[in-house]
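S.K.: Got a structure for you, questions after.
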Amino acid sequence: MADNKQPQLNGAYYGPAIPPPAQPRYSHHRSRSCCSCLFGFLWKLVVALIVLAGLAVLIFYLVVQPRSFKFYVTEANLTKFDYTNNTLHYNMVLNFTARNPNKKLSIYYDNVEARAFYEGERFANVDVKAQFRQYKKSSNPMSGVFSGQNLLLLNNDQASEFNKDKNVGVYDIYVKLYFRIRFRLGDLISGDYKPKVKCHLKVPLTSNNTTATFTPLVPTKCDVDFY
């Protein structure tokens, strides 16, 4: 009878079974790294844009060399300035000069309005110039005639200052000019700006029998502010 025994395995040891490869585990480190990279890119982009904008502004100023326009009071004639019964009677003529010192910019002016103040109280307003264009390196004259009467309520201190000015014969008058302007460079025209021109004057009273006017050797320069 044949022997049906199974062959015996040899005694060799093949080691433990190899476990299946572990599945990769994702962490939040990669997400945080991506956010950091994005933030760094955006920051560099912002810095680059700021630098480019600064260079553009610098180049514009070097090429155009913009300068603020200037206003002067060249002459004033005050023939009446009486205050009685809370009413101011006045007659005054002011001559102004607007100067554009720019070599490459011209200026468009809308209507120019002047308002006159005494002791902080407004007593008159007039139009001194219709809209116009001021060319490069040019000056334009304008004139305002303040004449009439207006209710003016001065307190005791203000009335006392008026009497002092009356005795001296020189009045402290404050004038503001209001208008809109636009700058033109070649075919490019800017948006509207609203400067305020402030002129602080000490105007002597002249009578109808004299020809004296307030004509300073150096024109009175007005302050120019943008709002």
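S.K.: Could you pull the Rg and Dmax for the range 67-180, using just the Cα atoms, both in Å?
M.R.: Cα radius of gyration and Dmax of the range 67-180 are 16.5, 53 Å respectively.
S.K.: For the pair PHE132 and ARG67, how long in nm is the line joining their label points, each one 7 Å along Cα→Cβ?
M.R.: Result for the modelled spin labels: 2.0 nm.
S.K.: Quote to one decimal, in nm, the extra length available between ILE189 and ASN85 on full extension: 0.36 nm per residue of separation minus the C-alpha distance between them. Before the final figure, lay out each step's value.
M.R.: Values: separation 104, 0.36 × 104 = 37.44 nm, distance 5.05 nm.
Extending this stretch completely gives an extra 32.4 nm.
Bear in mind that the values in this text are calculations on the coordinates, not laboratory data. Bear in mind the structure is a predicted one, so any value in this text is a computation, not a measurement. We place every Cβ from the backbone using ideal geometry, glycine too, and count neighbours over all the protein chains shown.
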